[in-house]
Amino acid sequence: VLLADDDRLVLGRGVFVGGDDAIVPLIAGLEVPYSADESPVVAGFRADEPRLFQDIDQSPDVAVREFVRALGASSFITAPLITKGRRVGVMAVDNAVTGRPLDVQGGTLLMTLGRQVAGAIEMAELYERVEAQNRTLEERVAHRTSELQEAKSELEQELDERRRLRERELEYLAQVQKVVAAAAAVEDESFDAASLAETSLRDDELGQLA
């Protein structure tokens, strides 16, 4: 099976089963451009029905010939993977294991299987898109959460600073009240210097006034 990549216009991301395991990386690394008109897999991908390709190992195209020889096949049947009118790839069955001639009539079963495979591929792609959207959403939520946490931290720091300023303001006003009370005590001759002992230790104008 080779999957269609409409963005890059190639058939690739191949999956191979049922034969020599050494072929697996060969298929996985295979990429066939849509423009490769001489390629059987492209012809099979564009077809609307099964296609039988025989004597492929005698193909005039060197790349095709080397590829099928690596597979050990001389012929194969292809079926396009179509779901809801969209081509998602191509499936091919070769005769490398049995060496028996292939019959295009077997392509009917391959087409039926291909529709099921195409539907599964579409569901997998949909799942991947949903997962990608979920990851994007999670990243956005995490980023927004981080922004909110930072804003919360800044707000807490600002509130703490305001609280400290308010506490200093109240403390200053309390000292002012002591000076006012001391002035009144001077007038009625009841002033006690000890009442301004704390205030007089200040190094600002209020301390000087005390």
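The values are calculated or read from the model by the stated rules, or taken from the named source; none is laboratory data. In this text the structure is predicted, and so the values were computed from the model without any measurement. Backbone-built Cβ (ideal geometry, glycine too); neighbour counts: all protein chains shown. When the accessible area is computed, the model is the full protein with side chains, heavy atoms only, and any ligands, DNA or RNA have been set aside. Shrake-Rupley method; radii C 1.70, N 1.55, O 1.52, S 1.80 Å.
Scan region 164-208 for residues that are outside any helix (DSSP H, G or I) and either aliphatic (A, V, I, L, M) or in contact with a helix residue (DSSP H, G or I) (Cβ under 8 Å, 6 or more places away or on another chain) (or both) and the total you get is 5.
Could you tell me whether region 139-154 includes any residue that is among the β-branched types (Val, Ile, Thr), modelled with pLDDT of 90 or more, part of a helix (DSSP H, G or I) and farther than 30 Å from residue 5 by Cα? The answer is yes; a qualifying residue exists. Is it true that residue 117 is in a helix (DSSP H, G or I) and under 30 Å from residue 2 (Cβ atoms)? Spelling it out, residue 117 is indeed in a helix (DSSP H, G or I) and under 30 Å from residue 2 (Cβ atoms). Among the candidates 161, 128, 122, the residue that is modelled with pLDDT of 90 or more and part of a helix (DSSP H, G or I) is uniquely 161. For region 122-181, residues that are over 30 Å from residue 80 (Cα atoms), open to solvent by 100 Å² or more (accessible area, probe 1.4 Å) and acidic (Asp, Glu) total 5.
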